[in-house]
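K.L.:
Handing you this structure, nothing more for now.
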Amino acid sequence: MRRLLPLSLLFALLLTLTAHVTGSRAGVSVVLNGEMTAVPAYTEDGRTMVPLRDIAEALGLAVVWDEETRTAYLSDGAEAAALSAYTVVLDPGHGGGATGAQYEGVRESALNLSIAQKTAAALRREGVGVVMTRTGDSDLSLYARTDLAQRRKADLFVSIHCNVSTTNPDARGIYTAYHPQSDESRLLADTLQSAVMAAADAPDMGVEERPDLAVLRTAAMPAALVECGFMSTPAELALLRSEAYQQRIAQGIADGILSHLRGEN
């Protein structure tokens, strides 16, 4: 489906590309660095509208439309166009009545969602298609999460959680789990762990086989689960509550996913 933007909004995009737009009976002409390209235009309620994809492609830009957030992402370059062919499912663990761990009034489900949303934004900026298993505080069964990924023909499935220790009050660090039946899941887990460690500068708890986790066992595509830190340790919980630290973890997860999609692992 073509998405339409008023010309007034497109001007802001085009100015950064040293382009200008002029209306004509045949449609709209886009002039970029002296080269003119005609694209169709439509009139609605007295306003001239241009399909975003048409004008972006006339300027050599790749376009990714995210239906979930109703956001168009425009990127320059062949790599963005290649990445736009991929779909990644991000799974914020727990939700609704299944809050996960709770410490100092903080619910794990809320932390998981916040980190996942930041990860999704980082991936979308690079042109990757992202599907979230939940976008709010809603109940969702474990099997529904991987069923969604299969229906959307996802290339990767990444579940995001926070950890707890009942035996070590000073436990800290990040680890990534995978199901041993998939070699590519192991590669994904290794790449995610390395990237998150580099971004968050947290203690490294390594990569672990977890055949008991339903979302890893039932995923039909390469899958991994990132445990972002220990809510049971006050110092680490303080970090996990920080927007800046969440952003570092999210960027690390996104970097790991991008590296895997590019075949850099």
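K.L.:
Kindly provide the set of residues from segment 187-209 that are surrounded by 19 or more Cβ atoms within 10 Å (Cβ to Cβ) and either without any contact (Cβ under 8 Å) to a residue 24 or more places away in the chain or under 18 Å from ALA235 (Cα atoms) (or both), ordered by number.
P.N.:
MET197, ALA200, ALA202
K.L.:
Return the only residue of SER159, SER165 being in contact (Cβ under 8 Å) with a residue 24 or more places away in the chain, hydroxyl-bearing (Ser, Thr, Tyr), open to solvent by less than 30 Å² (accessible area, probe 1.4 Å) and not in a loop (DSSP other than H, G, I, E, B).
P.N.:
SER159 is the lone residue from the list that is in contact (Cβ under 8 Å) with a residue 24 or more places away in the chain, hydroxyl-bearing (Ser, Thr, Tyr), open to solvent by less than 30 Å² (accessible area, probe 1.4 Å) and not in a loop (DSSP other than H, G, I, E, B).
K.L.:
Cβ-Cβ distance below 7 Å, separation of 6 or more or different chains: which pairs start in segment 138-151 with a residue that is among the aromatic types (Phe, Trp, Tyr) and end on one that is not in a helix (DSSP H, G or I)?
P.N.:
Listed pairs, sorted by first residue: TYR143/THR218.
K.L.:
Does ASP212 satisfy being free of Cβ contacts under 8 Å to residues at least 12 places away in the same chain, more than 20 Å from VAL89 (Cβ to Cβ) and over 20 Å from the mean Cα position of the chain (by Cα)?
P.N.:
yes
K.L.:
Can you name every residue in segment 214-258 that is polar (S, T, N, Q), farther than 16 Å from ALA154 by Cα and either open to solvent by 10 Å² or more (accessible area, probe 1.4 Å) or in contact with a helix residue (DSSP H, G or I) (Cβ under 8 Å, 6 or more places away or on another chain) (or both)?
P.N.:
Listed by number, the residues that qualify are SER232, SER242, GLN246, GLN247, GLN251.
K.L.:
Please identify the pairs in which a residue from segment 38-55 that is in contact (Cβ under 8 Å) with a residue 24 or more places away in the chain has its Cβ atom under 6 Å from the Cβ atom of a residue that is aromatic (Phe, Trp, Tyr), counting only partners at least 6 apart or on another chain.
P.N.:
If the second residue must be aromatic (Phe, Trp, Tyr), the pairs left are MET49/TYR42.
K.L.:
Moving on to the next point. Of the residues that sit in segment 139-156 and are in a helix (DSSP H, G or I) and basic (Lys, Arg), which one is farthest from the chain's Cα centre (by Cα)?
P.N.:
Here the residue is ARG151.
K.L.:
Mind checking which residues of segment 112-138 are open to solvent by 10 Å² or more (accessible area, probe 1.4 Å) and part of a helix (DSSP H, G or I)?
P.N.:
LEU113, SER114, GLN117, LYS118, ALA121, ARG124, ARG125
K.L.:
Specify the residue that is nearest to the chain's Cα centre (by Cα); the eligible residues are those in segment 70-86 that are surrounded by fewer than 17 Cβ atoms within 10 Å (Cβ to Cβ) and either modelled with pLDDT of 80 or more or under 30 Å from ALA177 (Cβ atoms) (or both).
P.N.:
Top of the filtered list is ALA85.
K.L.:
Is there a residue in segment 172-179 that is more than 15 Å from the chain's Cα centre (by Cα), open to solvent by less than 10 Å² (accessible area, probe 1.4 Å) and of a type in the set (A, V, I, L, M, F, W, C)?
P.N.:
yes
The values are calculated or read from the model by the stated rules, or taken from the named source; none is laboratory data. Just so we're clear, the structure is a prediction, and the values are computed from it rather than from any experiment. Please note: Cβ atoms are built from the backbone with ideal geometry, for glycine as well, and neighbour counts cover all protein chains shown. Note: areas computed on protein heavy atoms with side chains; ligands, DNA, RNA excluded. Shrake-Rupley method; radii C 1.70, N 1.55, O 1.52, S 1.80 Å.
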